[in-house]
Amino acid sequence: MTKSINVNGVFKKFRRGERHNSLRDAVGSWLRLDRGHRRSSGLDAAEFWALQEMTFDVQPGEAFGIIGPNGAGKSTMLKLLAGILRPNRGTISIEGRVSALIEVGAGFHPDLTGRENIYMNAAILGMRRKEVDHKFEDIVEFAGIRDFLDTPIKRYSSGMYARLGFSVAAHVEPDVLLVDEVLSVGDRVFRAKCMDKMRGFLDRGVAVVYVSHDLRSVASFCDRAMVISDGCIQYTGGAAEAVAQYHEACIDASMLPSTRKRSLVDVSPVRFVDKSGRDKQTFTPGEEITIEFDVRYNHAMARPSFGLSLIRTEDRLVMFETSSTRMHYQTPPAVEGTCSRVRYRIALNVPPGEYLIGYHVRDRDSALYAAMQEDARIMVIGESISGGVADLAPKVAVEDVDPRQHEMNVANVGRAVAS
Amino acid sequence: MTAFTTHMELTVPSAGQRIRELVRYRQLMWMLAWRDIRVRYKHSILGAAWAVVPPAAMMVIFTFVFGEVVEVERERLTGNETIPYSLFAFSGLVPWMFFANGLTSAIGSLVSNRPLVTKIYFPREVFPLSAIVSAFLDFVIASVVLVILSALLHYYPNGWHFQASWTIALIPIVVLVQITFMAGLGLLLSMANLFYRDVGFLFRSIIQLWMFVTCVVYQLEATAPWKRILIQLNPMTPIIRAYRECLIYGQAPFDGPFLYAAVVSFLALAIGWTWFRRREFEFAENI
């Protein structure tokens, strides 16, 4: 099978700060002839490798995810694929027309109308005028801005702006589509529409490279994914495994010994244990999980209280919180220098996604807060019977009824559908 | 849709490859020029009529200052009548303003389109070239006024007779030479300005001086002999003069100095464009 994208041993170096801030510096450096002091690695003092030894393929019709922490080099990789940057070493070959959604509406001009910007942006993305004429209706329909076509886009909301940008780019009919974190704008409905559109591309044999911090969407959309950090490939493989790998790596990084000053208590890293007693960070919806941490008291406490919360990373929504006091659990007084192990057992009745575990320790009597931390993360991956936030333990039944009995409710049903 | 393969290494695209790519993106060049014009005149009542105002205002200024001082009538006129100074000045100012404005916006074009340069790939030549195209559209509008003005002055009280000469048909050749020169300088200087912003500042001062080293508002013969060498080395001098010869004097402009200007223009384009292609891949990370 032919490859759409072949990246082979690509290195890219960047420079800290500016090359020369002005002509004066430049002339100065020419006069001193200090260009070309290279170290053996091929870097001079102000340079660093933004990417090293990047090697991967993407097949037609395949969705390839790139994940990693901020500054890992994800966007640089996409810019190399888009031809905006050139590699210092290695080769990149791409078969077919490339469309890059690196920033939606990069070519938009605020003073031009929606209609004018559609033509403008389409030309920037390499579409011919006739092609745009042909697809104009689809673009407008998809963006849902028909009533505002002749309004200057400086009056658009940011959501409308993003929708229009994505819509134009999505109609380019590329052979290779590069998507960088652009779906984080726009509402849920539009995001779902975009995902559908991208799945449509895959069906038509388009190779999609998808960069996102939304691990859930990477896991569900991509076939394969690559984890990079500090410009190096950490893992390449199936999307779900890559997401799990990345997740575990993040947790390792956040468990560095705390540098905080001696506080009221010291809290150990949080452990997550499944039913069979194994340490894990990735769970399935509904799974029972034990959250465990040790507390060492640096001060005496008359009535220590231990709190727990589960926070959705994406929007920082508190999914759940409780504390030993709320649960009327009697804790013994804490003596300075002693330790306690706190163990919470919960059922993870939450939709798939990434969650932060927050916990706190406080003294009920003196109202001293010891710690409120959210540095432990877990990942919930898999099918869930419910969406939204709360699992209300649904039961469903559908049965035939007499149509005459039904008449009086028609008005209500109509309103419900319309809203 | 045409399928094509991109293969990226540290190689510079050949001129042929690049021309094919530019042809593919030609519509973008027009679109960007059109956008410039559209945005420039969008909130004005007179709209594109503003294209005529700057050269006309300059004409008024120079007529006011030099009107009686500079003798322009003694040179190569058919018949004994004199050419009004205002027409003489306007015919030089219209192409000069095209040169000055076109280059000024071409030089800033890469930097002012930073979001596009760093986010989307297409041949970067499109930016300076479209800046020149958008200045060209202003030039066309001002030229129409220039031609009408020339025709109206047919009834000038002193009785100078404007004769629509066949040489007007040669003006496109002069325009082509000027655009070639502008494209060469525009590519070179827009790139230089991307690396060193000093270039833009420097140019804004130099362009003022340059106008007086070009025979825009006076004849070469009206200047001191020691200045003439500098003025004649400047390729814009024969270009501006060629416009006048075609339009007003009814003479074909193809003399030695014009040929010199054409050769310099071509060299400027060849050098500017080659250099541009060599450095282009560094633009996104240095802008």
List the pairs whose first member sits in region B:244-264 and is within 13 Å of residue B:181 (Cα to Cα), whose second member is in a helix (DSSP H, G or I) and not β-branched (Val, Ile, Thr), and whose Cβ atoms are under 6 Å apart, counting only residues at least 6 apart or on separate chains?
B:258/B:238; B:258/B:242; B:261/B:238
Do we find that residue A:43 is of a type outside the set (Lys, Arg) and modelled with pLDDT under 90 in this structure?
yes
Quick one: is residue A:147 outside any loop (DSSP other than H, G, I, E, B), over 29 Å from residue A:353 (Cα atoms) and open to solvent by 50 Å² or more (accessible area, probe 1.4 Å)?
yes
Flag if residue A:330 is modelled with pLDDT of 85 or more and more than 29 Å from residue A:212 (Cα to Cα)
yes
Looking only at region A:112-144, and only at residues there that are small (Gly, Ala, Ser) and assigned to a loop (DSSP other than H, G, I, E, B), the one that is nearest to the other protein chains (Cβ to nearest Cβ)
A:126
Residue count, region B:223-236, condition open to solvent by 10 Å² or more (accessible area, probe 1.4 Å) and either free of Cβ contacts under 8 Å to residues at least 24 places away in the same chain or basic (Lys, Arg) (or both), comes to 9
Do you know which residues across region A:55-104 are within 12 Å of chain B (Cβ to nearest Cβ) and open to solvent by less than 10 Å² (accessible area, probe 1.4 Å)?
A:78, A:80, A:81, A:84, A:85, A:87, A:92, A:94, A:96, A:99, A:101
Scan A:148, A:136 and give me the residue that is touching a Gly at 6+ places or on another chain (Cβ under 8 Å) and hydrophobic (A, V, I, L, M, F, W, C).
A:148
The condition from (1) outside any helix (DSSP H, G or I); (2) modelled with pLDDT under 90; (3) within 10 Å of chain B (Cβ to nearest Cβ); (4) open to solvent by less than 20 Å² (accessible area, probe 1.4 Å) that residue A:26 misses is numbered (1)
May I ask you to list the residues in region A:179-216 that are of a type in the set (A, V, I, L, M, F, W, C) and at pLDDT below 90?
A:179, A:182, A:183, A:185, A:189, A:190, A:192, A:194, A:195, A:198, A:215
Considering (1) surrounded by 18 or more Cβ atoms within 10 Å (Cβ to Cβ); (2) among the small types (Gly, Ala, Ser); (3) farther than 30 Å from residue A:386 by Cα, say which one residue A:300 fails and leave the rest.
(1)
Answer yes or no: is there a residue in region B:244-251 that is assigned to a loop (DSSP other than H, G, I, E, B), within 14 Å of chain A (Cβ to nearest Cβ) and on the phi < 0 side of the Ramachandran plot.
no
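Might you check whether a residue that is surrounded by 10 or more Cβ atoms within 10 Å (Cβ to Cβ), under 25 Å from residue A:246 (Cα atoms), at pLDDT 85 or above and not acidic (Asp, Glu) occurs anywhere in region A:386-394?
no
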Being in contact (Cβ under 8 Å) with a residue 40 or more places away in the chain and aromatic (Phe, Trp, Tyr) is the filter here, so list the residues in region A:324-345 that pass it.
A:344
Members of region A:83-100 that are over 23 Å from residue B:277 (Cβ atoms) and either in contact with a Gly (Cβ under 8 Å, 6 or more places away or on another chain) or free of Cβ contacts under 8 Å to residues at least 12 places away in the same chain (or both):
A:99
Only one of B:169, B:131 is part of a helix (DSSP H, G or I), at pLDDT 80 or above and in contact with a helix residue (DSSP H, G or I) (Cβ under 6 Å, 6 or more places away or on another chain), namely B:131
Which residue out of B:189, B:194 is within 14 Å of chain A (Cβ to nearest Cβ), under 16 Å from residue B:127 (Cα atoms) and in contact with a Pro (Cβ under 9 Å, 6 or more places away or on another chain)?
B:189
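Rundown of residues vs (1) assigned to a strand (DSSP E or B); (2) in contact with a Gly (Cβ under 8 Å, 6 or more places away or on another chain); (3) of a type outside the set (Ser, Thr, Tyr); (4) crowded, with 16+ Cβ neighbours inside 10 Å, yes/no style:
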{"residue": "A:289", "(1), (2), (3), (4)": "yes, no, yes, yes"}
{"residue": "A:293", "(1), (2), (3), (4)": "yes, no, yes, yes"}
{"residue": "A:296", "(1), (2), (3), (4)": "yes, yes, yes, no"}
{"residue": "A:306", "(1), (2), (3), (4)": "yes, no, yes, yes"}
{"residue": "A:311", "(1), (2), (3), (4)": "yes, yes, yes, yes"}
{"residue": "A:314", "(1), (2), (3), (4)": "no, yes, yes, no"}
{"residue": "A:319", "(1), (2), (3), (4)": "yes, no, yes, yes"}
Among residues belonging to region A:310-323 that are of a type in the set (Ser, Thr, Tyr) and without any contact (Cβ under 8 Å) to a residue 60 or more places away in the chain, point out the one that is nearest to residue A:212 (Cα to Cα).
A:322
Can you name the number of the only condition in (1) within 14 Å of chain A (Cβ to nearest Cβ); (2) open to solvent by 30 Å² or more (accessible area, probe 1.4 Å); (3) not small (Gly, Ala, Ser) that residue B:269 fails?
(1)
Search result, residues across region A:318-339 that are more than 36 Å from the chain's Cα centre (by Cα) and polar (S, T, N, Q)
A:330, A:331, A:338
Here the residues within region B:79-119 that are of a type in the set (A, V, I, L, M) and either closer than 23 Å to residue B:269 by Cα or buried (at least 23 other Cβ atoms within 10 Å of the Cβ) (or both) are B:87, B:89, B:93, B:94, B:97, B:100, B:103, B:106, B:107, B:110, B:111, B:117
For region B:196-210, enumerate the residues that are touching a helix residue (DSSP H, G or I) at 6+ places or on another chain (Cβ under 6 Å) and not charged (D, E, K, R).
B:196, B:199, B:200, B:203, B:207
All positions within region B:208-222 that are in contact (Cβ under 8 Å) with a residue 12 or more places away in the chain, outside any loop (DSSP other than H, G, I, E, B), within 19 Å of the chain's Cα centre (by Cα) and within 19 Å of residue B:63 (Cβ to Cβ)
B:211
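The values are calculated or read from the model by the stated rules, or taken from the named source; none is laboratory data. On a predicted model such as this, the values are computed, not experimentally measured, just so you know. Positions of Cβ are generated from backbone atoms using ideal geometry, with glycine treated the same way; all protein chains shown enter the neighbour counts. In case anyone asks, the SASA skips ligands and DNA or RNA and just uses the protein heavy atoms, side chains included. Shrake-Rupley method; radii C 1.70, N 1.55, O 1.52, S 1.80 Å.
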